[in-house]
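See structure below.
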């Protein structure tokens, strides 16, 4: 997409712009779409002659679509406006595999204080309840069995009236839909849209303090399951080659009467703790079976607490503020971000260095940062050779995950003087953001080891 300052738009320019825009939507190129919003929205709002009247409606629609895609980069005010006034734009995007919760979750992760996350969740719910967009052709019934206007807000009010404010389980939600006198009369696409709305509403009802509402995904190493993800209270194995071993392990726990769940539902099985766990003198809960994994599950819960406290620290709050500054100042310009990163390291500006690196990672450019940087390759090659740390293999893939983890640990501990615990927790944060940005090779730079109960670097 053309990044130069826009001139007066004509039909030819508009045609090329729309084609490029549609490609960005399809490939979820949110950085480019964020630049599009910041470039076109000001002249649109100012009624600038740069955008003739005949193209204003199309540009306005494109801006809303782009905002949904780059939602994590928007201000809270902008996001709430989307939920209050433009939710149906997202509904159409969802038919093309748009992940609404994934986008909002990425924004919530950038809010370090959990109370503030819950407050924002509440504002999202309120915005949906205020939404007057039509989502179906028929509305819910009022007290006199007359159809109300089929708005998003009215449907959610009906849902709350019938289901209450408690957490609604999947079977209860399905029962509400199947037995509802109006929903049964709707077309299939409308029923699907309502179900997706209610499912999302249930997600944002949860608290960030609850295991199911916990936004972060933490890389975990389990001695039996191997690499896993800890997500929303669930441990998800990453490997495809250990399915039979995993099912056997689940069956073993089921046979013991511990954490019962269906072994066939392997992809996202629930590992919630039972009430019969006994707290020992060391403060760690265990049970009478003394199984390593039972202890591990409780250590896993501790991982969430430790990581959550780290995210709420002044260090990370400052780093995230710097990330916002650099995102606004440099966009996704890797050269400028790289220079800022190294400059901050040299000046011992800890929050600025962390913020610059997080900006690069969030842009999905970690590999680009390292593989084409002659300064880094020369410096780190010499360091590895000096310390007898496999410098020869480093030359084959200088941006390999192992070397990035080693370099990041060195920078954090030796140059920025962070203690080992803070350094490795920052590595976990980088792993999470890498996963969100699609650079899965870096999603386990640092992880929680269920065997040791500690966060470790993946060197």
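The values are calculated or read from the model by the stated rules, or taken from the named source; none is laboratory data. Everything numeric here is computed off the predicted structure, so don't read it as measured data. No Cβ is skipped: glycine too gets one built from the backbone with ideal geometry, and neighbour counts run over all protein chains shown.
Report whether or not residue 112 is crowded, with 17+ Cβ neighbours inside 10 Å, assigned by TED's automatic domain parsing to the domain that holds residue 187 and under 30 Å from residue 182 (Cβ atoms).
No; evaluated as a whole, the condition is false for this residue.
Please pick out the residue among 353, 385 that is out of contact with any strand residue (DSSP E or B) (no Cβ under 6 Å at 6 or more places or on another chain) and modelled with pLDDT of 95 or more.
353
Give me a count of the residues in the stretch 92-103 that are touching a residue at least 24 places away in the same chain (Cβ under 8 Å) and closer than 15 Å to residue 65 by Cα.
6
Only one of 448, 427 is in a helix (DSSP H, G or I) and at pLDDT 85 or above; which?
Matching residue, one of 448, 427: 427.
On the given criteria, is residue 67 in contact with a strand residue (DSSP E or B) (Cβ under 7 Å, 6 or more places away or on another chain) and at pLDDT 95 or above?
So residue 67 fails the test.
When you go through 338, 367, 415, 402 one by one, which is the residue that is free of Cβ contacts under 8 Å to residues at least 60 places away in the same chain, surrounded by fewer than 19 Cβ atoms within 10 Å (Cβ to Cβ) and not assigned by TED's automatic domain parsing to the domain that holds residue 38?
That would be 402, the only listed residue that is free of Cβ contacts under 8 Å to residues at least 60 places away in the same chain, surrounded by fewer than 19 Cβ atoms within 10 Å (Cβ to Cβ) and not assigned by TED's automatic domain parsing to the domain that holds residue 38.
Residue-by-condition table, conditions (1) modelled with pLDDT of 90 or more; (2) in contact with a strand residue (DSSP E or B) (Cβ under 9 Å, 6 or more places away or on another chain); (3) not assigned by TED's automatic domain parsing to the domain that holds residue 122:
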{"position": "3", "(1), (2), (3)": "no, no, yes"}
{"position": "40", "(1), (2), (3)": "yes, no, yes"}
{"position": "59", "(1), (2), (3)": "yes, no, yes"}
{"position": "88", "(1), (2), (3)": "yes, yes, yes"}
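Evaluate the following for residue 244: is it part of a loop (DSSP other than H, G, I, E, B), out of contact with any strand residue (DSSP E or B) (no Cβ under 7 Å at 6 or more places or on another chain) and at pLDDT 50 or above?
Taking the combined requirement at face value, the residue does not satisfy it.
Applying the selection to the stretch 325-335, what residues are under 14 Å from residue 368 (Cβ atoms), assigned to a loop (DSSP other than H, G, I, E, B) and touching a residue at least 12 places away in the same chain (Cβ under 8 Å)?
332
Just wondering, is there one or more residues in the stretch 161-176 that are in a loop (DSSP other than H, G, I, E, B), touching a helix residue (DSSP H, G or I) at 6+ places or on another chain (Cβ under 6 Å) and more than 27 Å from residue 206 (Cβ to Cβ)?
No, the stretch 161-176 contains no residue that is in a loop (DSSP other than H, G, I, E, B), touching a helix residue (DSSP H, G or I) at 6+ places or on another chain (Cβ under 6 Å) and more than 27 Å from residue 206 (Cβ to Cβ).
Please work out if residue 64 is in contact with a helix residue (DSSP H, G or I) (Cβ under 9 Å, 6 or more places away or on another chain), free of Cβ contacts under 8 Å to residues at least 12 places away in the same chain and closer than 30 Å to residue 433 by Cα.
no
Going by what's in this entry, would residue 133 be described as surrounded by fewer than 19 Cβ atoms within 10 Å (Cβ to Cβ), more than 26 Å from residue 190 (Cβ to Cβ) and not assigned by TED's automatic domain parsing to the domain that holds residue 33?
Answer is no for this residue.
Residues to consider are 80, 93; find the one that is at pLDDT below 95 and in contact with a helix residue (DSSP H, G or I) (Cβ under 7 Å, 6 or more places away or on another chain).
93
Looking at 17, 25, 33, can you tell me which residue is more than 13 Å from residue 73 (Cβ to Cβ) and modelled with pLDDT of 90 or more?
None of the other options fit; the residue is 17.
Being touching a helix residue (DSSP H, G or I) at 6+ places or on another chain (Cβ under 7 Å) and either surrounded by 15 or more Cβ atoms within 10 Å (Cβ to Cβ) or touching a residue at least 60 places away in the same chain (Cβ under 8 Å) (or both) is the requirement here; does residue 459 meet it?
no
Any idea which of (1) surrounded by fewer than 16 Cβ atoms within 10 Å (Cβ to Cβ); (2) farther than 22 Å from residue 75 by Cβ is the one residue 350 doesn't satisfy?
The failed condition is (1).
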